Amino acid sequence: MRHPLSAATVIPVTWIDDLVPFSPQSFFLYASLWVYVALGSLFTKDGRELAAWAAACFSMIIVGLGIFMALPTKVPDFAVDWSQYPSLAFLKGSTLQGMLCRPCMPLSPYSRRSCSTDS
């Protein structure tokens, strides 16, 4: 979403964010979100239930994108020296950063710290 309808609001840092330190080892926990969210489709009984699940997912995507287009947000620029974490350098890529960081920002203090607003 390179061209939202208005200027992005910086998400404030909360006390919970300060409690959870940056830890590259926790990236796999965060990335596992994409695995267990997709597991919902495996538990459908038939094609009709799968279609209903897909329609619900699509609806959530449209609502979420609509809200983000109208009220875009971004994370503050955390002072992380990325040269110390070469295994996470791929997070600095703008396409992957957008896919990984924006959808679950409120859910993961780790993701908030690992995603920066500058590309």
Check: In the range 40-78, what count of residues is obtained for those that are hydrophobic (A, V, I, L, M, F, W, C) and assigned to a loop (DSSP other than H, G, I, E, B)?
Finding: 3
Notebook entry, point to check: Between residues in the range 55-81 that are farther than 15 Å from Pro12 by Cβ and residues that are of a type in the set (Phe, Trp, Tyr) and at pLDDT below 90, which pairs lie under 8 Å by C-beta distance while being six or more apart or on different chains?
Noted result: Val80/Phe22
Notebook entry, point to check: Considering the range 8-50 alone, what residues qualify as being farther than 27 Å from Ala70 by Cβ, out of contact with any helix residue (DSSP H, G or I) (no Cβ under 7 Å at 6 or more places or on another chain) and among the β-branched types (Val, Ile, Thr)?
Noted result: Val35
Margin query: When you scan the range 27-34, do you find a residue that is assigned to a loop (DSSP other than H, G, I, E, B), aromatic (Phe, Trp, Tyr) and under 26 Å from Phe90 (Cβ atoms), even just one?
Written below: no
Check: Just for the range 1-26: of the residues that are in a helix (DSSP H, G or I) and among the hydrophobic types (A, V, I, L, M, F, W, C), which one is surrounded by the fewest Cβ atoms within 10 Å (Cβ to Cβ)?
Finding: Trp15
Margin query: Need pairs with beta-carbon distance below 8 Å; first residue within 30 Å of Ile62 (Cα to Cα) and within the range 1-25, second in a strand (DSSP E or B); sequence gap 6+ or separate chains.
Written below: Ala8/Thr73; Ala8/Lys74; Thr9/Thr73; Thr9/Lys74; Val10/Thr73; Val10/Lys74; Ile11/Thr73; Ile11/Lys74
Notebook entry, point to check: Just a yes or no: is a residue in the range 51-71 in contact with a helix residue (DSSP H, G or I) (Cβ under 8 Å, 6 or more places away or on another chain), of a type in the set (Gly, Ala, Ser) and at pLDDT below 90?
Noted result: no
Note to self: Would you confirm, using the coordinates I've provided, whether Ser119 is at pLDDT below 80, over 15 Å from the mean Cα position of the chain (by Cα) and not hydrophobic (A, V, I, L, M, F, W, C)?
What the structure shows: yes
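The values are calculated or read from the model by the stated rules, or taken from the named source; none is laboratory data. Since this is a predicted model, take the numbers as computed values, not measurements. All Cβ positions, glycine included, derive from the backbone under ideal geometry; neighbour counts span all protein chains shown.
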